[in-house]
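> Just passing along the structure, written as structure tokens.
The values are calculated or read from the model by the stated rules, or taken from the named source; none is laboratory data. Quick caveat, the model's predicted, so the values are computed rather than measured. Counting neighbours? That spans all protein chains shown, and the Cβs are built from the backbone with ideal geometry, glycine included. These accessible areas exclude ligands, DNA and RNA; they are computed on the full protein's heavy atoms, side chains included. Shrake-Rupley method; radii C 1.70, N 1.55, O 1.52, S 1.80 Å.
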Amino acid sequence: MDKIEAAGIIISLIAIFATLILISQANFPAFTYATGNWIKIGTSEDVGLGTANFIWNYRFLDLVAQAVVLFGAAVGCLAILREEKEEEKHA
């Protein structure tokens, strides 16, 4: 192990230790604001039923979007991992 690897390990351990100390000492009130009084706004229509109908009736939009994302990820991976050919220079 050379000096750079040892320094990297030491700095990583110090960062992990400092993060654990920060987490243990700090007070993170995760649900303090969620327990307060909420002002409820009335709606004229059933929004939940309309949203559920849209999601289940137009499911193909979600599937098409997922296919585009997966295709883009595959093309990106192939572009990164492609083999480059060295061209011979003719003099």
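> So what are the ³J(HN,Hα) numbers for the stretch 9-14, from phi and the Karplus equation (6.51, -1.76, 1.60; θ = phi - 60°), rounded to whole Hz, Gly and Pro as x?
Computed from phi, the couplings for the stretch 9-14 are 5, 5, 5, 5, 5, 5 Hz.
> Now, a different point. Rounded to the nearest Å, what's the spacing between the alpha carbon centres of the stretch 33-87 and the stretch 1-16? Just the number, please.
Answer, in whole Å: 40.
> Figure the gain on full extension for Leu20 and Phe60 (residue separation times 0.36 nm, minus the Cα-Cα span) and round it to one decimal in nm. Show your work: numbers first, answer last.
On the way: separation 40, 0.36 × 40 = 14.40 nm, distance 4.49 nm.
Here the answer is 9.9 nm.
> About its Cα centre, what dipole magnitude does the stretch 51-91 give when the only charges are +1 on Lys and Arg Cβ and -1 on Asp and Glu Cβ, stated in debye to the nearest 20?
Numbers: 4 positive and 6 negative charges, 60 e Å.
That gives a dipole near 280 debye.
> Subtract the Cα-Cα distance of Asn37 and Glu84 from 0.36 nm times their separation in residues, and report this length gain in nm to one decimal. Present the calculation step by step, with values, prior to reporting the outcome.
Working: separation 47, 0.36 × 47 = 16.92 nm, distance 6.21 nm.
Between Asn37 and Glu84, full extension yields an extra 10.7 nm.
> Any chance you could look up the accessible area of Val64 with a 1.4 Å probe, heavy atoms only, rounded to 10 Å²?
Taking all protein chains as shown, Val64 has close to 80 Å².
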